[in-house]
Amino acid sequence: MVGEILSVRDLYLYYRVRAGLVKAVDGVSINLYNDESLAIIGESGSGKSSLARAFLRLLPKNVHRFEGSICINGEDVMRLSDEEFNSRVRWNKISMVPQASMNALNPVIKIGEQLAEPLIIHRNMSKSEAVDKAKEMLKFVGIPQEFTDRYPFELSGGMRQRVVIAMALITQPSIVILDEPTSALDVLTQANIMNLLKKIKTDRKISYIFITHDIALSSEISDKIAVMYAGQIVEYSYAEKFYREPQHPYSQLLLSSVPTLREERTVKFIPGEPPSLLNPPPGCRFHPRCPYAMDVCRREEPPIIHMERGSYVRCWLYAKG
Amino acid sequence: MRQLKVLLKELLMYKSALVGITIIASLIILSLYAVITAPYGEVTRKWSSIDPWEDFPKNAMPSWVNIFIGRKLPETIVLDSRKVEPSTNKTIIPITGGKYILRILFTFGYTYDDFPSEVILRIFSSTTKQFTAQIVWVKPGGIEYIVSRKLLRGYEAYYITSDEEFLKKFNANLINKLGSRPNYDISINEALFAEEDQSILNQNTVTVLKGEYRAIVDVLIGEEDLNKVQIDAKLVVYGKVHGIAGTDHRRRDLALALLWGTPIALAFGLVASITITFAQMFIAAMSAWYGKSFDFIVQRITEIFMVLPFLPMLLMISYFYKITIWVLLLIVILLSIFGSGVKNYRAMFLQIKEIPYIEAAIAYGTSSFRIVFRYMIPKILPTIIPSIVLSVPDFVFLEAALALFGVGDPQAVTWGRVLEDAAREAALYKGYYYWILQPSLLLLLTALGFAMLGLALDKIFNPRLREM
Amino acid sequence: MLKDEYAKPCNLNDILCIRGLCVWHPIRKFLTISGYVRALDDVNIDLEKGRILAIVGESGSGKTTLGKTILKIYQPTKGRIIYDGKDITHIKGKEIKWYRREVGYVQQDPYGALPPFMNIREILEEPLIIHEVPKSDRITRIRETLEEVKLIPVEDFINKYPHMLSGGQQQRVVIARALILRPKLIVADEPVSMLDASVRIEILTLFRELQKRRGLSIVYITHDLSTAKYFSDKIAVMYAGHVVEMAQTDKVLSKPMHPYTQSLIKAIPDPDPRNRTLFREVPPGEPPSLLNPPPGCRFHPRCPYAMDVCRREEPPIVEVNGVHLVKCWLYG
Amino acid sequence: MGIAGKYATLKRLGKYLLIRGVAVLVTTVIAIYMVIIIANMGGFVDEIIKSEIQFYVYEAIRNNPAYRGLNKSTIELIAQEWIELEIKRIGLDKPFVYRSFNYLRDALTLNLGRAIRITSASGSKQVRIIILERLPASILLFTSIQIMLFFSSLTAGLYLSRRYGSKIDRIIVALSPLSSMPGWFYGLFLIMVFASWLGILPYGGIVDAPPPEHPLPYALSVLKHMILPTMSWFIAYFAISTYSMRTFFLMFSSEDYVELAKAKGVPPKEIERRYILRPTLPPIITQLALILISSWMGAIITENIFNWPGIGTLIWMAIANNDSPVLIGIVTIYAYLLAITVLLLDVIYVLIDPRIKIGGVSTQ
């Protein structure tokens, strides 16, 4: 393997609300090699968006605990001060395409200027230089260059999504976080955007961290899969293996709940409700819904069981002895 | 009910809400006390008449100021021969020639650190027949002054305090006794109560002579009057402090006005803010739901009312038509119904109209009327309640402001009226601070109470603020 | 501009039959009407009793408008709606109240569909109050229905407020409310699209059970062909205000005829690691504006098979193999 | 956007403004007419004036030695004639409804006429002169107070929205109940403390009596008189307006595009300027404009408390003297200013908000 582009160790992000402590990210570890892309799958409230935002240090104001290590190209960015992080990491090493990109563009600034902004801030370009670069970028994502003079509301949802993607790419970071980038889009537009993302990936050698709740969609651009449940990664695996042989009971149930268009199979659902991040159940957080739940699952938190090539599962079923 | 409990529990998590609730609760208790102890009509009548206040001092400060100034300011002393008291004594002394002296003797201890504000002697006679009376003032230590000799005919109020004749006699007596007269214009109150040594000569050293004072009223009567004529007297030594709130320029006890101002202020503020908010909300809800020409008309009327300047209009109407406080309330409501609130609520209702549950309600056959009242209005109630609470002080102060302009209800007994009297009597310049401070303090408490509760409610009910 | 009304007569045993339905929303500017948004144009639909019809389309295709027109939330500009052999297009007063009992509505956003200031009992009681169900019957009806949607034990839910429930539970309440008047037809507008994957199937399974038990007919509006596959008997595909294809579910999915349906099916991914290397064929461009739809076939600007006639004339509705309806010149 | 596009935008804007203008004018006219009816007490002021004329005429006849010898009925005749002449001269012989429309016409054409009792300092009876004489005082005090309040709370609000939850933020939140009391109320206390007890600032008025002759001491004296009113308004309104600005900005700072800007590494100052202030400019400008307009009306109570010779005290004088022409004049000017502001705001919106400029002028 070539170098590790991203290595996350024991990342915690808790924040305080009036009802108590929300353990949004609870001891997450991830590693990603060059050119690899990761899909983080989880249902709503599993903490996947908080994880994505933690990478960019976009923290809620009431943050209570934020620790662990995030190494990008070997450098632990958790140690950087806010100013250093702002100038050296954001959009230099890692950028993002946010959820609800319909509202991700400032409604009163022209597309070109918004697109050029990262270049002006991080590359010290002049405005005209940066706007020229923005035009190129627009063309690359399939939007006519003259759209730099337009305002966001003049564009359709799909086009706005392309603009936001162009903005994430303009400083050529090595990692791009895609936070549900197509969830508000129609089927055909979604397919279009996924095509574009794949094209970018092959052209530019970029690593994606793709956050989604749509399991079918996650298979489109991921080499690795992380399944999140109640703030923890319960399975971390390679795509080829994951879709054929999911290990964790939750992953198995999740996959079997996805209706497929092409193959015939019965779909099942997972009984019960996902736990709240405020007070997750003791032991394994999935045990109340798990068909294989044992005594130990109710008592003790399962250990991380490492499998081949850095993949792992967090489940007592795989604990030896 | 359960919701209410939850709300209360959540409210009490805010200290400011607790303070607010406490203040409002005490104001309500005060109001209830006022309403129970004295009916409104009686209070207004009493407030605008003079007789009931005869024995009250003029512009006396509240008694509690004694605590702050560390001196004991005089309270009012009332001695009445018609009442059986050890301090008054009525005797008949026969003298020569079939004549008698009817002697009324008042005895009282005076231990205050300051001179009284006034001394008035009232003599009541049951006939209009003329008698000669002599009034003698005896200071502790036996110094005796014949204050006045006068002819009585029926009721007589003798304002000792303004008897310049006596002052002349007194000054002459001082020159005799101390060799000089005071180097300042000694007042009669001082003359009556001062220690008569060197200290009296200087304004800065003049001191009260503490001890037992006597006032003697001698009336010369004939034998034939002995059992026929009833003569009595009342001596009032007016103090400088009175009660818990002091008095005003017309001797009225401010406590009464301040107490009764509470229910009026609360009623005015609450009725105005609740009625206006609900009326605006109904109009806005109808306007948003029915749309089309109804909406158009409501919008235009609202705009017209937004051009009309509220306060000048209100001042004009209340000045021209001399309205009572309850008509004023009605006019405030009428002028505000089509206020800018209608526009804000309408915008909210237009959004609510688009929430799916309204469509669901249409789908199961709900009538328009029911949709407006059961589905749209309850949805914004939580955001409305804080603003109702928050706007109560606005109306309380509005009434006060109008009263301050002298266009308030001349009958009503309100905090604003007290302030107006104070302002008119230039209380600020004369140093009667209590007169302004007390109604102000009540206004301030009311305002703070509602504001604290309202802001806390806003934090609870307004989900956007809640997240923060 | 409009083609002649689709000729096939209604089968009076069908629960729902729609012919030539148009819904045009006027655009008002300064009190004058400056144009129309043609949300629905000449829509024809048949639904047999006890069956589930999926209406599939992208946002703006008119599928939601169709649902709301069936529910008589929107009034049709033109055309007829026959419900259970009765023309309900212009009914009023008592009849509309009867119709509102007959048809239930399940919406997309369960939280928005429930008034947040009412508890579950009040929410379910509302339709019963409006339709004058006697007070003594109401609570038993509410309990029965809650049990039916598996919100058990009922005591745990009946006094709760919507925000205390999870998304799946909220949607069950919405379904219960739709069922409580014992309707024969349910219009379900994207009932699971806002729910998590694991809950989706649960709700659809419940729906299917209820439908079987009560002999309900369902109009299932969705953008998701893969759930339509599991849930529906019949699919109608909509594009820009037209129904472009309608047939049995397996027919539409195995042999899609309209080019739009074909590209729609191609665009949908299944979970499969091979997807990574796959570029999907997607028609260029975006759906047309309904204010100014293109002449001829509305799909022609994006259609890979577009012919001259497609640009000029609106395609007819063609019956292929008797039961497969398609609105396309390729088959005309 | 090409020339044609710009022309189309202008045309659309023109049409829109025309329609808005007509609507605003109609509401203004109705509102002014209502004021005319109320200010004349529905015609009752006429009766007052008529009886005053009567009184004045009889008094004049009684005091004039020329009429002394005449008998009673002749005097009565002369008096009646004189009264009628006088009534006609003022125009009171026509019914009030008829005249109310004349008043309306005069008011709308800004032909404000003569005051009944109030006289300007320069001795004029012209309503226009009376108002213009008072206006600068109100503008000087209240417009500057409002501008200071607005910008200081805007800056403070922005600052606090960044430091949300900090100690200073909590202080502002805690102080916001102060606003439940109006500015004039604090004025009472401030006068008590600074004028009555300490005696370091004047009780009221605009300048010392007699006014200093040189401009500099004059200005300083005016400034000294402005301190207390300004202070009273700041105590009353600074905390709450900062609080509401801060809440407003906080709401906008959780918008997705602000979040993305933060993620992009845009410096905080830039975020505030381009991502928070810029998109929220329309409501902010509206607020400022309306505040400024209403400040020209003065603050009736505050002006009276501080004895400030502005429009507010003039309104009260006019009310207390039944001087309807002055009242109508003030309200008319106010209504016009408001109408112009509303239209001006429409234009400003088009200039600063591209969504309106290109997307078509919306009516909301």
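For region A:227-321, run through the chymotrypsin sites (Phe, Trp or Tyr not before Pro) and keep only the ones in DSSP coil with at most 10 other Cβ atoms within 10 Å of their Cβ. Walk me through the numbers before you get to the answer.
Values: sites: A:229, A:236, A:238, A:242, A:243, A:250, A:269, A:286, A:292, A:312, A:316, A:318; in loops: A:269, A:286, A:292.
In loop regions of region A:227-321 (DSSP not H, G, I, E or B), there are no sparsely surrounded chymotrypsin sites (Phe, Trp or Tyr not before Pro).
Using Cα centres only, tell me the gap between region B:137-200 and region A:214-247 in whole Å.
Measuring centre to centre over Cα atoms gives 108 Å.
Taking a label point 7 Å from the Cα of residue A:73 along the Cα→Cβ vector, which residues of region A:23-37 have an amide N closer than 19 Å to it?
Of the residues in region A:23-37, A:31-37 have backbone N under 19 Å from the label point off residue A:73.
In nm, to one decimal, how far is the modelled label at residue B:22 from the one at residue B:127, with both set 7 Å along Cα→Cβ?
A separation of 6.6 nm, rounded to one decimal place.
For residue C:59, put the label point 7 Å out on the Cα→Cβ axis and report which residues of region A:155-177 keep their amide N under 15 Å from it.
In region A:155-177, the label zone of residue C:59 (backbone N under 15 Å from the point 7 Å along Cα→Cβ) covers A:155-162.
Can you compute the FRET efficiency between residue B:373 and residue B:203 using 1/(1 + (r/R0)^6), with r the Cβ-Cβ distance and R0 = 45 Å? Round to the nearest 0.05.
Details: r = 74 Å, r/R0 = 1.65.
Efficiency computed from Cβ-Cβ geometry: 0.05.
Taking the Cα centre of each part, how many Å lie between region C:64-129 and region D:138-193?
52 Å
Report the FRET efficiency, 1/(1 + (r/R0)^6), for residue A:4 and residue D:144, where r is their Cβ-Cβ distance and R0 is 56 Å, rounded to 0.05.
Details: r = 63 Å, r/R0 = 1.13.
Using R0 = 56 Å, I get an efficiency of 0.35.
For a test of the definition: using alpha carbon positions, the gyration tensor, and the 1.5 limit on a/c, classify the protein assembly as shown as rounded, prolate or oblate. Don't skip to the end; give the middle numbers.
Numbers: a/c = 2.38, a/b = 2.03, b/c = 1.18.
Since a/c reaches 1.5 and a/b is larger than b/c, the shape of the protein assembly as shown is classed as prolate.
Within the protein assembly as shown, what percent of beta bridges assigned by DSSP are antiparallel, to the nearest 5? Write out the running numbers ahead of the final one.
Values: 116 of 153 bridges.
Close to 75 percent.
Calculate, in nm to one decimal, what residue B:172 and residue B:113 gain on full extension: separation in residues at 0.36 nm each, minus their alpha carbon distance.
Values: separation 59, 0.36 × 59 = 21.24 nm, distance 2.59 nm.
Gain on extension, residue B:172 to residue B:113, equals 18.6 nm.
For residue B:180 and residue B:220 in one chain, what is 0.36 nm times their gap in residues minus the Cα-Cα distance, to one decimal in nm? Can you show the working numbers first?
Numbers: separation 40, 0.36 × 40 = 14.40 nm, distance 3.57 nm.
Going from the current span to full extension adds 10.8 nm.
Using a 10 Å cut-off around each Cβ, can you sort D:273, C:80 from fewest to most neighbouring Cβ atoms? It would help to have the intermediate numbers written out before the result.
On the way: D:273 13, C:80 16.
Listed from fewest to most nearby Cβ atoms, that is D:273, C:80.
Looking at the square roots a ≥ b ≥ c of the eigenvalues of the Cα gyration tensor of chain D, which shape do they give, rounded for a/c under 1.5, prolate if a/b is larger than b/c, or oblate?
Working: a/c = 3.28, a/b = 1.65, b/c = 2.00.
In terms of gyration-tensor shape, oblate.
Between residue A:292 and residue A:266, what FRET efficiency comes out of the Förster formula 1/(1 + (r/R0)^6) with R0 = 30 Å and r the beta carbon distance, rounded to 0.05? Walk me through the numbers on the way to the answer.
Numbers: r = 20 Å, r/R0 = 0.65.
The calculated FRET efficiency here is 0.95.
Take every Cα pair under 8 Å in chain D that's 6+ residues apart, average their separations, divide by the length, and report that relative contact order as a whole percent.
Reported as a whole number, the value is 26 percent.
Quickly estimate the mean residue ellipticity at 222 nm for chain B, helices only: each DSSP H run with n ≥ 4 gives -39500 (n - 2.57), and the total goes over all residues, rounded to 500. Spell out each step's value before the answer.
On the way: 17 runs with 244 residues, N = 468.
Computed mean residue ellipticity for chain B: -17000 deg cm²/dmol.
Given points 7 Å out from each Cα along the Cα-Cβ axis, report the residue B:294 to residue D:90 separation in nanometres with one decimal.
4.8 nm
Subtracting the Cα-Cα distance from 0.36 nm times the residue separation, let me have the gained length for residue D:75 to residue D:100 in nm, one decimal.
Working: separation 25, 0.36 × 25 = 9.00 nm, distance 3.36 nm.
Stretched fully, the residue D:75-residue D:100 segment lengthens by 5.6 nm.
Using Cα pairs under 8 angstrom and six or more residues apart, how large is the relative contact order of chain A, in percent? Mind showing how you got there, number by number?
Details: 596 pairs, mean separation 63.9, N = 321.
Across chain A, relative contact order equals 20 percent.
Explain nothing, just the number: relative contact order of region A:101-172, from Cα pairs under 8 Å at least 6 residues apart, as a whole percent.
Details: 93 pairs, mean separation 32.4, N = 72.
Worked out over region A:101-172, it gives 45 percent.
Taking H as built 1.01 Å from N, whose amide H comes closer than 5 Å to the amide H of residue B:239, not counting residues under 5 places away?
So residue B:239 has HN proximity to B:76, B:77, B:117.
Could you please state, rounded to a whole Å, how far the C-alpha centre of region B:323-380 is from the C-alpha centre of region B:60-132?
Using only Cα atoms, the two centres lie 66 Å from each other.
I want to check the label-to-label distance for residue D:20 and residue C:292. Put each point 7 Å from Cα in the C-beta direction and report it in nm to one decimal.
Those two pseudo-labels are separated by 2.6 nm.
Once you have a ≥ b ≥ c as the square roots of the Cα gyration tensor eigenvalues for region A:101-172, tell me rounded if a/c is under 1.5, and otherwise prolate or oblate according to whether a/b is larger than b/c.
prolate
Computed from the coordinates by the stated procedures, all read-outs in this text should not be read as laboratory data. It should be emphasised that the depicted structure is a prediction, and the values quoted were computed from it without experimental measurement. Because the Cβ atoms are built from the backbone with ideal geometry, glycine has one as well, and the counts that use them run over all protein chains shown.
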